[in-house]
Structures are given as structure tokens and as C-alpha cells.
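Participant: Mind having a look at this structure? Questions to follow.
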Amino acid sequence: MLFDRSSSAEAVSLRAEVLEKTRAYFDAAYGHRAFVPGEDATPVSGRVFDERDMMSLVDSSLDFWLTTGRFAERFEREFARWYGIRECVLVNSGSSANLVALAALTSPEHEERRLEPGDEVITAAAGFPTTVNPIVQLGAIPVFIDSELTTFNADLSQLENALSPKTKAVMLAHTLGNPYDAERVRTFCREHGLWMIEDTCDAVGATWNGVQVGTFADASTVSFYPAHHMTMGEGGAVMMRSPKLRKIVESFRDWGRDCWCQPGKDNTCGKRFDWQLGDLPHGYDHKYTYSHIGYNLKLTDMQAAIGVTQLEKLDGFIERRRHNAELLTQLLSHVPWLVLPQELPGGKSSWFGYAIRVAEDAPIARNALTQALNDRKIGTRLVFAGNLVRQPAYREIEHRIVGSLANADTIMNDVFWVGAYPGLDDDQIAYIARSIEEIGAASSATGRALPVS
């Protein structure tokens, strides 16, 4: 038999006791200790959390409401306000956010603007697969353009060359939190009647001319994976201004149903048994009426509960990322064989990661450098898939290439990134920079990477 959460005095008292014990557990289990270079890991990313995050998670678990609930509703409202946009729909990952955002464009409700199989979507060749995968999965054709070697973002000068009568949308990510000129992309899309989707999974808090990226597009996407600017473990969101588009996004997220009732509600529209849709009989239960070929991509309320308290720390997380990136630039700017990342005029990065290009005349190749850093327990990553068209999964997909993608190949061969996330302190940032310089110097002198001292 099911019951609502008890509000009895005993239950309230026991809940308070459990939460206080949770606070004590956090203090005992996750106390701070000093960083030891060469012994402790210096990862590229990771979850940063405190006792309030753990208490919020436990608080939600005591409700035993195992799907989307009160914390999810609160987070959607508060995150939309922080983000500077009207609508937020939570999903179970950033990848799902990309899928749902693009799938929403296939709705028959868009009429002549509807994205259909065979239509083209302009995107970047250098990036993360799940920016591109929904294009392929929905039967559209990705049109790959090259990227810049300063920001590693799409080369926007190629947009006009990529345009064709089949083009319906532009879907680009802000690479590693470093924003591209979103105003320029928006203008291009409006001039040609195209949809615009901003993948801001790596760029929460990044701004273009002082405005949060993701607010320029018809829809934008966010990830809450532990590597990202704040975390729910898994989780993501689709952001948009249009209530109509929100309803469509929710439909694709929630099995494709036409009903927009929240879990636990059953007649939000006031006419649950009074609709006549499609070829269904009049009055067919609206909760079981489907207007799209959808998915089930909801997240749990326990994840959202973590997001509620993580959001309170988000501004501080972003400022710490900026501090770490500035410190890396300061410490590495004198190394002649490194090409450091740059922000465009008007752009302010939120530094998901700190990307570095190893110059052609460097004393050590990119792969040897990252392997030597790994020996020192310093985490590195490549700029995701490099040139996607060279990946095994994309050999046989239908696609179109604009230009040579030479820069995407350079990104694939010569670029890597190190952490700037708020779990790294100044000592760890200094260790990263010192290690890069020492490894290069040792390689130049002896042809071998210097061991950890």
C-alpha cells in the first residue's frame, strides 16, 4: 500500500537526525588533506561536493519518490532563472539533451520548418560525438565544417559555404567552455530560416558580450555529468524560450505522450477524457495519447536534489575555473613550443578544460607528452573525438564535408587538455605547469621524458 511522506512529529524528528548524521559522516569521510605531487592524482575533472549536497541527496531518498518530483521541479525553475532563459526541461544526461533538442525539431507541429530525414544540419568535425549523433540517429545529414586553432570552435566563416537548399539547422558546441560568436550564428540562422541549437554542455557560465551562451539559440543543452560545471552524477537539461517548444521537448522525453501532466498529476489540462486526437475515439485517456515517437529520458529526483544544492555553488565553481585557467596561462606563457588557448573579443570562457596545442617544432610530440604526464599522475584528455569523420563509427554514415578539415586533423594530432576544474588548488595547477615544462626540457636534452622527482 502506498502512502504520502509522513509529517508526523516522530518522522520529522527522525529525518532531522538522519540528516545530521549525514553531515557528521561527510566530515569524517571526506576531510581535507595536503596534496603530494607524484603520489596524489591530478585529474582533469571530478565531482566537487560538500555536506549539503550529501544531505540533500539523503533527504530526497527518504521521500522514496524514485522518479522526477519536487526537487526536479524546483531545480528546473531555479536553473532557468540562473541561466537567464524561460524554460528548462531536465533529462537523464547531456547526450539525451542533445537528442531530445534535435528530435523536437522533427515534430509535425513545426509544419514547413520540420526537420525530416535527408535534411542537413551544419556542425563541426572536431568535437564530442553526441553533438553529431542525434543528426545521424534522426535520419538527417551532418555537414561538417572545420574549426579554428585558437578556440578550437567551429570556423564560422565556413557557414555560408556549408549552406544548401537542404539545410534546416545549425548545431554547434562551445568547445571546452570557450564561446564562439553566438550572435553571428544566430544572425546567420535567422537570415536563412534555420533552427539554431547551442550545445553548452561544456560551457555553463560562459558568456558572449556579457550574455550567457545558450540563450541565443532556439534550444540549448546542458550536462550535469561529474566532469561538468556542476553535477548530479548523470543528468542534463534542454533550455529554451518557447513554451510551445518546451511542450514538444517534454513529449519526446516522456515516451512521446501528448499529455503534459507532471508525475503524480492526472488532469492538468482539465479535459483528460474530453480530447479527440488522431483517429482515436473521443475521450480516449489523454495520459495514453501519443503525438510523437518518443523516449523515456527522465532523471530521478535524487539526482535533482543534488543539483539544487550544487546550483548554490555554481558561481564559485566557475570563478575557480577561471582562476585556474589564468594561473595556467601565467605559468606556461613563456614556454615557446606550446600554443595556449585564447578567448575571442567578446567571449568569456567558463573553462571546462584548458586546451594546449603542441607546436610543430616542439621537443616532444603530443602523445609522448601526455604519456609522460600520465606517469606523473596528471590527467589529460584529447579534444574528444578529434576529427569525427576519421572515427570508425562514422565511416559509412551519409555526410558532407566543407573544405579540407585540416585544422580538425591538427586538433586530432597535436592538441590535448588538462584540468581547470574547481577541485584543483594552486599547488596542483603549479605541478601541472612545472611538469609540462620539465618533460619538454628533458626531452629536448636527452630525448626522454624526465621522471617524477
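Laboratory data are not the source of any read-out in this text; all were calculated from the coordinates shown. This structure is a prediction, so every number in the text was calculated from the model and none was measured. Here the Cβ positions follow ideal geometry from the backbone for every residue, glycine too, while neighbour counts run over all protein chains shown.
Participant: What number comes out for the charge environment of TYR290, summing +1 per Lys or Arg and -1 per Asp or Glu over other residues with Cβ under 12 Å away?
Facilitator: Details: positive: ARG257, LYS287; negative: ASP254, ASP258, ASP285.
Every neighbour counted, the sum reads -1.
Participant: Taking other Cβ within 10 Å of each residue's Cβ, how do PHE224, PHE64, PHE71 sort, fewest first? Don't jump to the answer; show the numbers that get you there.
Facilitator: Working: PHE224 31, PHE64 11, PHE71 26.
Ordered by Cβ neighbours within 10 Å, fewest first: PHE64, PHE71, PHE224.
Participant: If we restrict to alpha carbons, what Rg and Dmax does the chain come to, in Å?
Facilitator: Every Cα atom of the chain included, Rg and Dmax give 23.8, 82 Å.
Participant: Calculate the dipole size of the chain relative to its Cα centre from +1 charges on Lys and Arg beta carbons and -1 charges on Asp and Glu beta carbons; express the result in debye to the nearest 20.
Facilitator: Using only the charged Cβ atoms, the result is roughly 380 debye.
Participant: Over the Cα atoms, compute the radius of gyration (one decimal) and Dmax (the largest Cα-Cα distance, rounded to a whole number) for segment 132-261, in Å.
Facilitator: 15.2, 47
Participant: In percent, what relative contact order does the chain have, based on Cα pairs under 8 Å that are 6 or more apart in sequence?
Facilitator: Over the chain, the number comes to 22 percent.
Participant: Also, quick follow-up: Quick one: 3J(HN,Hα) in Hz for segment 405-420, Karplus 6.51/-1.76/1.60 with θ = phi - 60°, rounded, Gly and Pro as x.
Facilitator: Residue by residue, segment 405-420 yields 6, 5, 5, 4, 5, 5, 4, 5, 9, 10, 10, 9, 9, 10, x, 10 Hz.
Participant: Could you pull the Cα extents of segment 139-209 along its three principal axes, largest to smallest, in whole Å?
Facilitator: Principal-axis extents of the Cα atoms in segment 139-209, largest first: 34, 24, 22 Å.
Participant: Further question: Could you tell me which trypsin sites (Lys or Arg not before Pro) in segment 93-176 are loop residues by DSSP with no more than 15 other beta carbons within 10 angstrom of their beta carbon?
Facilitator: Hits after loop and neighbour filter: ARG114, LYS166.
Participant: On to the next question. Please work out the Cα convex hull volume for segment 307-390 and give it in Å³ per residue. It would help to have the intermediate numbers written out before the result.
Facilitator: Details: hull volume 14.5 nm³, N = 84.
Per residue, the Cα convex hull of segment 307-390 comes to 173 Å³.
Participant: Going by Cα centres, segment 18-32 and segment 210-246 are how many Å apart?
Facilitator: 31
Participant: Next up: Expressed in whole Å with the largest first, what are the equivalent ellipsoid semi-axes of segment 314-446 derived from the C-alpha gyration tensor as the square root of 5 times each eigenvalue?
Facilitator: Values: eigenvalues 138, 86, 39 Å².
Taking √(5λ) for each eigenvalue gives 26, 21, 14 Å, largest first.
Participant: Could you state the per residue volume, in Å³, of the convex hull enclosing the Cα atoms of segment 63-302? Show your work: numbers first, answer last.
Facilitator: Working: hull volume 29.0 nm³, N = 240.
So the per-residue Cα hull volume is 121 Å³.
Participant: Starting at 0 and stepping by 5 Å, how many percent of the alpha carbon pairs of segment 191-256 end up in each bin?
Facilitator: Once binned at 5 Å, the Cα pair distances of segment 191-256 give 4, 16, 21, 23, 20, 11, 3, 1.
Participant: Which whole-angstrom value gives the distance between the alpha carbon centres of segment 270-328 and segment 70-119?
Facilitator: Their Cα centres are 8 Å away from one another.
Participant: Ok, one more. Residues with beta-carbon under 15 Å from that of GLN342, excluding GLN342: net charge, scoring Lys, Arg +1 and Asp, Glu -1?
Facilitator: -2
Participant: Tabulate in residue order the Karplus-calculated ³J(HN,Hα) for segment 288-304, using 6.51 cos²θ - 1.76 cosθ + 1.60 with θ = phi - 60°, rounded to whole Hz; enter x for Gly and Pro.
Facilitator: 10, 10, 10, 9, 9, 8, x, 9, 10, 10, 6, 10, 8, 5, 5, 5, 4
Participant: Kirkwood Rh over alpha-carbon pairs of segment 1-121, then Stokes-Einstein at 10 °C and 1.306 mPa s: what D in µm² s⁻¹, rounded to an integer?
Facilitator: The diffusion coefficient I find is 83 µm²/s.
Participant: Net charge within 12 Å of ASN161 by Cβ-Cβ distance, Lys/Arg positive one each and Asp/Glu negative one each, not counting ASN161 itself?
Facilitator: Value of the local net charge: -2.
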